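Read through the structure below, which is laid out as structure tokens, and then see the notes.
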Amino acid sequence: MTSGHGLYIYPWDIMDHDDLPDLAAGLKALGISRLCMAAAYHTGKFLRPHGRDARVYFPQDGAVYLPTDPGRYGTIRPIMAQRMPPIDVLRTLHDHGLAISAWTVLFHNTALGTRHPQAACHNAFGDCYPYSLCPSNADVRAYGIALCRDIASHPYIGDIILETPGWQPFHHGFHHEMSLLSANAWPDTLLGLCFCDACMEGATRAGVDAAGLRRRVRGHLSSYLARQCDGTPAEGEDRLLHAIVQDDALRDFLRWRCRQVTSLVRDIHEAVRADATVHVIPSVQANPVRSWIEGSDLEALSRACDGLEVCLYGPDTQALLARFEDIREIVPADRPLRTVLRPAPCDFADAGAFVAQVEALSRRGVRDFAFYNFGHLRRENLNWIYRALDGLPVPA
């Protein structure tokens, strides 16, 4: 079992360092024993406060940063990074005392969705979302399993952290994403539902009235888009809850989606080498309890892998602690639960507030912390990690 306090990091941030033993020593001095390196990642625009080669960096879209075996793949094949760290980099970091977790963004991949639109999500109107491969599609599932098996075959990878094993929500920061309507859980959730051929066929085989549900979702969305004004966020939550209670097909469809993601994660867990662990980031939602929107059942997923890694982001410490307690009540007590925090001004006014959050979570039973993200943080914020971890029990 790969355990210990982790730090998320991108390959290009590692490749900024000529002296890898020195990098490893510096991170260990902060209390870090596990590097969570992006092994498969999407594009973006990243500000790097202490980057060497570029202070603003644009990653290659949908790329894999570890060597792969082409023979493992079928219709969908990985996009290999044009700038990839030599495998010796991982060996050096591993030999100098850092365990390596492969942070794997699985199905949020616009480049692959553009190449394979038939494998991407389609909303109730038939519009394709290329940024979200559909986990009910057989080719997508085969790709996901093969990629994780490939990544875990590298001897210095002891753990895989799966991100986006399910459907992406409607709002997920797509390039120049634009809507002049207010965010509202009712239309936003319906717009995020996938009704591609694979979902329609699979849900129908499972006894869900998928065709009727798609018609109703189209009607609800058309009606909402024709309104004279937006509903409030609270009203949207109420309308969504009403639909889930009253519409049997919607409820059955949501639960069927969760079973698809759970079974995929279980297949991945069984496919990787026996001594590698698999953890899942179940949601990109601000509140992971809402992970069902993406097809993530927190309880079932925690049993399908070696544990969950939940992101607790935001400036409201009381709300974050409440979210954690909700998650801890949902996830069985015997299932590991790691947390990810951002030691940065976007979430904490100062180091003291961050340290207090870590201590509060530690008192609630968290043993393994991870921090996001080396390249995005100022040096001073990296020092916050040392202040928070100093004096905490060292994970076994």
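In µm²/s, what is D for the chain at 37 °C and 0.692 mPa s, where D = kT/(6 pi eta Rh) by Stokes-Einstein and Rh is the Kirkwood radius from Cα pairs? It diffuses with D of about 151 µm²/s by this estimate. Helix 317-330 and the long axis of the chain differ in direction by around 70°, with both axes built from C-alpha atoms. Rolled with a 1.4 Å probe across the full set of protein chains, the surface gives ILE281 an accessible area near 10 Å².
In the chain, the DSSP beta bridges split such that about 20 percent are antiparallel, to the nearest 5.
For region 160-272, the convex hull spanned by the alpha carbon atoms encloses 133 Å³ per residue. Based on protein heavy atoms only, region 25-96 ends up with 47 Å² per residue of surface accessible to a 1.4 Å probe. GLU177 sits with roughly 80 Å² accessible to a 1.4 Å probe, with DNA, RNA and ligands left out of the calculation. Counting only protein heavy atoms and using a 1.4 Å probe, what share of the accessible area of region 329-384 belongs to carbon plus sulfur, as a whole percent? Heavy-atom surface of region 329-384 belonging to carbon and sulfur, 1.4 Å probe: 47 percent.
The SER153 and ARG363 beta-carbon pair, evaluated with R₀ = 56 Å, returns a calculated FRET efficiency of approximately 0.90.
Region 138-173 and region 307-346 have Cα centres spaced 22 Å apart. Which angle between 0 and 90 degrees, to the nearest 10, do you get for helix 248-271 versus the longest principal axis of the chain when only C-alpha atoms count? So the inclination is approximately 30 degrees. Heavy atoms of the protein chains alone define the surface here; on that basis region 208-314 has 44 Å² accessible area per residue at 1.4 Å probe size.
For the chain, adding -39500 (n - 2.57) for each run of n ≥ 4 DSSP H residues and dividing by the number of residues yields -12500 deg cm²/dmol at 222 nm.
Distances between placed amide hydrogens fall under 5 Å for ILE160 paired with ALA102, THR277, VAL278, HIS279, all partners being 5 or more residues away or on another chain. Reported to the nearest whole Å, the Cα centre-to-centre distance from region 44-94 to region 366-396 is 24. Here the accessible area is traced with a 1.4 Å probe on the protein chains. For region 1-102, carbon and sulfur cover 53 percent of it.
Note on surface exposure: HIS171, HIS279, HIS242 rank HIS242, HIS171, HIS279 by accessible area, highest first, 1.4 Å probe. Annotation: amide H of MET80 within the under-5 Å range of VAL64, sequence separation 5 or more or interchain, hydrogens built in the peptide plane. Any chance you could give the angle, 0 to 90 degrees and rounded to 10, that helix 351-363 forms with the longest Cα principal axis of the chain? Approximately 70 degrees, to the nearest 10.
The values are calculated or read from the model by the stated rules, or taken from the named source; none is laboratory data. Since the model is a prediction, treat every value here as computed from it, not as a measurement. No Cβ is skipped: glycine too gets one built from the backbone with ideal geometry, and neighbour counts run over all protein chains shown. These area figures cover heavy atoms from the full protein model, side chains too; ligands, DNA and RNA do not enter into them. Shrake-Rupley method; radii C 1.70, N 1.55, O 1.52, S 1.80 Å.
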